[in-house]
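Okay, so here's the structure we're looking at.
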Amino acid sequence: MKINIIGTSGSGKSTLARRIATALALPCIEMDTLYWQPDWQGTPDEVFVSKLEAALDASPGWVLDGNYNRTRAIKWREVDLVVWVDYGFVRTLRQAVIRAITRAWTQQELWPGTGNRESFRRSFLSRESILIWTLKTWRSNRVRYQADMDNPAYAHIRFVRITSRQQADALIAGLQSAR
């Protein structure tokens, strides 16, 4: 099975991706790990695409965590299921704030080998704030993901929209029983 988890930053994509990967014994591929370099530098698109293709080709099944819409042609080429984590705005923002505080407090490295860590200043007082990104993209992501679900070009893909923890739990149970 090849699954892509999408959703706004802070929605719980990574958590759901890890849960599904564990339940199905599939590798979990985090797109941010492929993209981010030290000092918060992004990977050039041609290198990023190459890394993504290599990661997807490395296993017959996977759970891919991430949006990066410019990679849609690659990540959806053979995808079986796209799971849209679409929790409400208040919940998504609350989760993003809690995550930002936790990461800034613990100073955990976000992606191995990058040295990238959140800080209170970066999270709450910077233009690069993930919280600002969440605020700016929540509504536009909902419009885009709904359009993707309705797009005949993606009719071959099974889409599931998750709006509650109960739906996420039911999805995982259903995926496990279908194996």
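Can you return the lysines within cross-link range of K136? Criterion is Cα-Cα under 16 Å, with same-chain partners fewer than 8 residues away left out.
Within reach: none.
So how far, in whole Å, is the C-alpha centre of region 132-179 from the one of region 43-121?
Cα centroid to Cα centroid, the span is 15 Å.
What is the list of residues in region 59-83 whose amide nitrogen lies under 19 Å from a point 7 angstrom out from the Cα of N151, following Cα to Cβ?
64-83
Roughly what angle does helix 165-178 make with the longest principal axis of the chain, taking Cα atoms, 0 to 90 degrees, to the nearest 10?
40
What do you reckon, how do Y154, Y87 stack up by accessible area (1.4 Å probe), largest on top?
Y154, Y87
Where does the Debye-calculated log10 I(q)/I(0) of region 95-179 sit at q = 0.16, 0.20 Å⁻¹, using only Cα point scatterers of equal weight, no solvent?
Log10 of I(q)/I(0), two decimals: -0.91, -0.99.
Quick check on the chain: helices-only [θ] at 222 nm, where DSSP H runs of length 4 and up contribute -39,500 (n - 2.57) each and the sum goes over total residues. Nearest 500, please.
-16000 deg cm²/dmol
So if I restrict to the alpha-carbon atoms in region 131-179, what is the Rg, and what is Dmax, the biggest pairwise distance, in Å?
Computed over the Cα atoms of region 131-179, radius of gyration and Dmax are 14.0, 40 Å.
Set the Förster distance to 22 Å, then compute FRET efficiency between L110 and T22 from the Cβ-Cβ distance, nearest 0.05.
0.60
Give me the accessible area per residue for the chain, probe 1.4 Å, as a whole number in Å².
Numbers: 9490 Å² over 179 residues.
That works out to 53 Å² for each residue.
Setting aside same-chain residues fewer than 8 positions from K2, which lysines have a Cα under 27 Å from its Cα?
List returned: K13, K51, K75.
To the nearest 10 square angstrom, what accessible area does W36 show with a 1.4 Å probe?
Surface open to solvent at W36 totals about 60 Å².
Starting from the Cα gyration tensor of region 1-115, multiply each eigenvalue by 5, take the square root, and state the resulting semi-axes largest first in whole Å.
Numbers: eigenvalues 100, 69, 35 Å².
Largest first, region 1-115 gives 22, 19, 13 Å.
Based on Cβ point charges of +1 for Lys and Arg and -1 for Asp and Glu, what charge dipole magnitude is obtained for region 77-179 about its Cα centre, in debye rounded to the nearest 20?
Working: 17 positive and 9 negative charges, 83 e Å.
The dipole of region 77-179 has a size of about 400 debye.
Provide Rg and Dmax in Å for region 31-179, with only Cα atoms included in the calculation.
Cα-based Rg and Dmax for region 31-179 come out at 16.8, 46 Å.
The values are calculated or read from the model by the stated rules, or taken from the named source; none is laboratory data. The model shown is predicted, which means the values in this text are computed figures rather than measured ones. FYI the Cβ positions are ideal-geometry reconstructions off the backbone, even for glycines, and counts take in every protein chain you see. Note: areas computed on protein heavy atoms with side chains; ligands, DNA, RNA excluded. Shrake-Rupley method; radii C 1.70, N 1.55, O 1.52, S 1.80 Å.
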